[in-house]
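This structure is in structure tokens; I'll ask about it shortly.
The values are calculated or read from the model by the stated rules, or taken from the named source; none is laboratory data. On a predicted model such as this, the values are computed, not experimentally measured, just so you know. Glycine gets a Cβ as well: all are built from the backbone with ideal geometry, and neighbour counts include every protein chain shown. Calculation scope for accessible area: heavy atoms of the full protein, side chains included, ligands and nucleic acids excluded. Shrake-Rupley method; radii C 1.70, N 1.55, O 1.52, S 1.80 Å.
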Amino acid sequence: MGDLLVIGSVALDSVETPFGKVREVLGGSATYFSYAASFFTQVRLVATVGEDFPEPHRRLLADRGVDTRGLRASQGKTFRWAGEYGFDLNEARTLDTQLNVLADFRPDLGEDLRRTPFLFLANIDPELQLDVLRQMKERPRLVALDTMNFWIRGKQAALRRALAEVDVVTINDAEARQLAGEPNLIRAARAIGAMGPRVVVVKRGEYGALMLADGAFFFVPAYPLESVYDPTGAGDTFAGGFMGHLAAQERVDAAAMRRAVVYGSVMASFTVEDFSLRRLTRLKPGDIADRYASFHDLIRLEA
Ligand code: AMP
């Protein structure tokens, strides 16, 4: 089992969907990622929050075995994100982004984290993603990165520098088109691959996930759910299942990557069933294996 280091945002999210509304609940790219990946392997979280961050949120992660020693409280307020979705849950509209303590965050990995074999640079300022890469003493076996429109628009040069150094990028379809400047998704995936990563995973919400790995495409549909309440965090949870599986298996070959896309889809399918991390906190032993088996049936060709 390989250790998995993540740096990203830990947030208080306010979200409205056609099915409900929540205010200042636990969110953040690194939060969803860590919680999901903790079902597979040892996760070490590096992030910052403000003095207003509720202690029970930290405990929630620690109780899942996430190493939260790198989750530092800084002076100021926790990062906040507000967003809404219409009936098309594939498209999040950002209403407000308050970086707060993230604006001055300088991650310091410390000696023991600089040799972690699996690294996930969750959605956060690409300058910070680069900073963390620079701090690694040994090149990790696998480095993956996730990003979003906010950084594609605001920090594209830094983002491209980071992309040139990673093995895997996970990105949603609209953002893939935006980053590549290309409306066709297949061409966009290839164009992003040409920026550096040998594996490009495009998350397509209810339409599943598409992977381009070493020139070959692989596609997995989303789990057919009748009740979807809040897609927030689905992308980060997907990445948690994806990287968690690879780190647990200590494999980075094409076959492992394909299974990892399914584990990512399994984890994301739970997250969207409730707001914040609520559904994930109710996962029972066996739920992940059961849904993985259902995926197998879903995409099997022979009867
Ligand atoms: P997703 O998995 O794409 O739905 O990501 C949702 C999470 O991203 C939310 O919990 C937000 O707190 C977080 N987030 C939103 N905007 C940003 C940003 N600019 N930087 C870092 N994290 C963000």
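On the basis of being away from the ligand (no atom under 11 Å from the Cβ), on the phi < 0 side of the Ramachandran plot, at pLDDT 95 or above and touching a Gly at 6+ places or on another chain (Cβ under 8 Å), does residue 141 make the cut?
Yes: the conditions hold for residue 141.
If you don't mind, another one. For the stretch 48-66, enumerate the residues that are open to solvent by 20 Å² or more (accessible area, probe 1.4 Å) and outside any helix (DSSP H, G or I).
The answer is 51, 52, 53, 54, 64, 65.
Residues are listed down the side, and each one gets a yes or a no for (1) without any contact (Cβ under 8 Å) to a residue 40 or more places away in the chain; (2) away from the ligand (no atom under 16 Å from the Cβ); (3) among the aliphatic types (A, V, I, L, M):
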| site | (1), (2), (3) |
| --- | --- |
| 231 | no, no, no |
| 237 | no, no, no |
| 247 | no, yes, yes |
| 256 | yes, yes, yes |
| 260 | yes, yes, yes |
| 273 | no, no, no |
| 283 | no, yes, yes |
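All but one of (1) assigned to a helix (DSSP H, G or I); (2) in contact with a helix residue (DSSP H, G or I) (Cβ under 6 Å, 6 or more places away or on another chain) hold for residue 290; state the number of the condition that does not hold.
Answer for residue 290: the failing condition is (2).
Next question. Being at pLDDT 95 or above and touching a Phe, Trp or Tyr at 6+ places or on another chain (Cβ under 9 Å) narrows it down to one of 174, 164, 158, so name that one.
From the options 174, 164, 158, the qualifying one is 158.
Now a separate question. Count, please, the residues in the stretch 94-112 that happen to be assigned to a helix (DSSP H, G or I), open to solvent by 20 Å² or more (accessible area, probe 1.4 Å) and either aliphatic (A, V, I, L, M) or farther than 24 Å from residue 250 by Cα (or both).
Counting residues in the stretch 94-112 that are assigned to a helix (DSSP H, G or I), open to solvent by 20 Å² or more (accessible area, probe 1.4 Å) and either aliphatic (A, V, I, L, M) or farther than 24 Å from residue 250 by Cα (or both) gives 3.
Of the conditions (1) within 18 Å of the chain's Cα centre (by Cα); (2) within 12 Å of the ligand (Cβ to nearest atom); (3) of a type in the set (D, E, K, R), residue 24 satisfies every one except a single condition; which number is it?
Single failed check for residue 24: (1).
Quick one: which of 76, 83 is more than 23 Å from residue 168 (Cβ to Cβ), assigned to a loop (DSSP other than H, G, I, E, B) and either open to solvent by less than 10 Å² (accessible area, probe 1.4 Å) or away from the ligand (no atom under 11 Å from the Cβ) (or both)?
From the options 76, 83, the qualifying one is 76.
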